[in-house]
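The values are calculated or read from the model by the stated rules, or taken from the named source; none is laboratory data. Treat the numbers as computed from the prediction; the structure is a model and nothing was measured. Glycine also receives a Cβ, built like all others from the backbone with ideal geometry; neighbour counts cover every protein chain displayed. Ligands, DNA and RNA are excluded from the accessible area calculation, which covers all protein heavy atoms including side chains. Shrake-Rupley method; radii C 1.70, N 1.55, O 1.52, S 1.80 Å.
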Amino acid sequence: MKFTVHTMEYAGGRAEASLDLRNYQDSDYEEYRIMYNGCFLAMRTALELQPAECCAGREELARRRSEIWILEISGTLAGSVAVYGKEIDDLVVKGEFQGQGLGRALLQWALVLLEKEGRGPAVLHVADWNRRAMELYRKQGFRIIKTEVIDRTAGGRYNKAIHYIPSRKEI
């Protein structure tokens, strides 16, 4: 199985955010694990990635709690985003909250955080399979700066980096 992963870098203007997020807490674990695995299951299954349910364990999430941000709506975890250094990662929105602009809002919130802390430009990674996320990121000002083809055929793990030169349309 081969699949493509893009590294994208933020090249947009000043971000704006109106969400009120809080850091991950150990009491979030079960609900967070279900939300996280639910958001990535279809992609990981289609790309034959194992394990299909890939949420980090309770201890690992506790270690990273200062970098994981939770969006609650009426006492329910609705979404989350992690910010590691200048990388935006694990942006997820629970199924019943999708289609309401929360993915865009979480992304903008993370960009504002990075701007405030002087970390940037923001980068993120996205599988080519995840066209919906790629389109969101492009619309929000991200551009592809690198593409990698991951080849897991014949039982091996081969990772070949292909430097991507964006078209004028993407710049």
Residue within the stretch 44-63 that is within 14 Å of the chain's Cα centre (by Cα) and open to solvent by 50 Å² or more (accessible area, probe 1.4 Å) present: no
Looking only at the stretch 25-43, which residues are open to solvent by 60 Å² or more (accessible area, probe 1.4 Å) and touching a Cys at 6+ places or on another chain (Cβ under 6 Å)? Arg33
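From the list Leu19, Leu41, Leu61, which one is aliphatic (A, V, I, L, M) and farther than 23 Å from Ala110 by Cα? First the steps, then the outcome.
Numbers: Leu19 fails: farther than 23 Å from Ala110 by Cα; Leu61 fails: farther than 23 Å from Ala110 by Cα.
Answer to the check: Leu41.
Quick grid of which residues meet (1) at pLDDT below 95; (2) hydrophobic (A, V, I, L, M, F, W, C):
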residue	(1), (2)
Leu41	yes, yes
Ala46	yes, yes
Ser80	no, no
Glu87	no, no
Leu102	no, yes
Gln108	no, no
Val112	no, yes
Arg119	yes, no
Ala133	yes, yes
Quick count over the stretch 1-24, residues being open to solvent by 50 Å² or more (accessible area, probe 1.4 Å), more than 21 Å from Gly120 (Cβ to Cβ) and out of contact with any Lys or Arg (no Cβ under 7 Å at 6 or more places or on another chain), is 3
